[in-house]
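*Asks:* Right, I'll just put the structure down here and ask away after.
The values are calculated or read from the model by the stated rules, or taken from the named source; none is laboratory data. In this text the structure is predicted, and so the values were computed from the model without any measurement. For neighbour counting, all protein chains shown are included, and Cβ atoms are generated from backbone atoms with ideal geometry for every residue, glycine included.
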Amino acid sequence: MTETVIITDVGPRDGLQNQPKVLSPAERLRLIEALVAARLPAVEIGSFVSPKAVPAMANTDQIAAGLPAANTHFSALISNMRGYEQARAAGIQSLNIPVAASNTMNEKNIRMDNQQAIALTTEIIARAKTDDVAIIPYIATAWECPFEGPVKAQTVRAMTRTFLQAGATAVVIADTIGAANPAQVKSLYAALISEHGTGQLGAHFHDTRGFGVANATAAFEVGVRRFDASIAGLGGCPFAPGASGNVATEDLVLLFEQMGIATGIDLRKLVAAAELAADLTASNAGGNALGWLRSQRDKGLL
Ligand code: ZN
């Protein structure tokens, strides 16, 4: 049996929220349509947060209203009950909530300490159960916090346990600033998987130090099968100094496909989506593999 992985493209949210150029809703939708055309199984379409805090994510309700009919699993990011209500009103049934593993990061990101952030998340999970909405908490800065330094594995393990016991659909462990190395990735996931299995755990890596693909490989080797990535490596966190782009979707797809692990994604169309992402953001965005992929396409080999 062929191994498979599920890749969620978070470019339309994590990627675009930190670009100097703010895209119009129509441009954001064009990017999502390109990802759908490339057969991404899942796409995070944007966030329902204060447009004052994150201007690039204003009007996500218009994105939700304009989504193409597709088999793609669409989700959005929220950070409080207000965002939850807005997302539900917009018809999004799968929501991601960032909760940092350190107090300072929570205070910068959502103006709460850890205990308050965890309490709010479990409250939203409880509410979502009655509404049949899926909630995936993202444990941000899970290996290292830009303000407090290394994060204890036991902190991440306790948060994961709390969220899954409360009824979260899954938990994504996020290396928000791209500081983790493959040994640390293996060790944390091995501990989490021994406790919860692999089905409810996802991985979210940034490529700040160029370790994104290495970290994804390490996570795969210990059993992780759900990965976030961002088209053309767009990304960064507006509240975490030093955070750069996510691991690029094209890098991750090429890696897995060459290892014989199926992603279900059309690489040729993915290259077109990466080119569109660079075009729309007026940047030279692109993953490490994009140059090679383009040369293969131009030779008719993709
Ligand atoms: Zn991120």
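*Asks:* Out of the range 121-160, which residues are assigned to a helix (DSSP H, G or I), away from the ligand (no atom under 16 Å from the Cβ) and closer than 28 Å to T208 by Cβ?
*Replies:* Within the range 121-160, T121, A153, Q154, T155, R157, A158, M159, T160 meet the criteria.
*Asks:* Taking the options A90, A126, A69, name whichever one is surrounded by fewer than 15 Cβ atoms within 10 Å (Cβ to Cβ) and farther than 23 Å from F163 by Cα.
*Replies:* When all the criteria are applied, what remains is A69.
*Asks:* So which residues in the range 234-251 are within 14 Å of the ligand (Cβ to nearest atom) and at pLDDT 95 or above?
*Replies:* The answer is V247, A248, T249.
*Asks:* When the range 11-23 is examined, which residues are found to be more than 11 Å from G245 (Cα to Cα), at pLDDT 90 or above and either hydrophobic (A, V, I, L, M, F, W, C) or away from the ligand (no atom under 13 Å from the Cβ) (or both)?
*Replies:* K21, V22, L23
*Asks:* Restricting attention to the range 94-112, does a residue exist that is in a helix (DSSP H, G or I), hydrophobic (A, V, I, L, M, F, W, C) and free of Cβ contacts under 8 Å to residues at least 40 places away in the same chain?
*Replies:* Within the range 94-112, one or more residues are in a helix (DSSP H, G or I), hydrophobic (A, V, I, L, M, F, W, C) and free of Cβ contacts under 8 Å to residues at least 40 places away in the same chain.
*Asks:* Looking at A26 and the list (1) closer than 24 Å to G167 by Cα; (2) away from the ligand (no atom under 16 Å from the Cβ), which single condition is not satisfied?
*Replies:* Checking A26 against (1) closer than 24 Å to G167 by Cα; (2) away from the ligand (no atom under 16 Å from the Cβ), the one that fails is (1).
*Asks:* Filter the range 20-73 down to residues that are under 19 Å from V133 (Cβ atoms), without any contact (Cβ under 8 Å) to a residue 40 or more places away in the chain and among the hydrophobic types (A, V, I, L, M, F, W, C), then give me how many there are.
*Replies:* 6
*Asks:* Of all residues in the range 29-83, how many are over 18 Å from D9 (Cβ atoms), of a type in the set (D, E, K, R) and in a loop (DSSP other than H, G, I, E, B)?
*Replies:* The total comes to 1.
*Asks:* Continuing with this model, one more query. Just for the range 199-228: of the residues that are of a type in the set (D, E, K, R) and more than 16 Å from the ligand (Cβ to nearest atom), which one is farthest from P98 (Cα to Cα)?
*Replies:* E221
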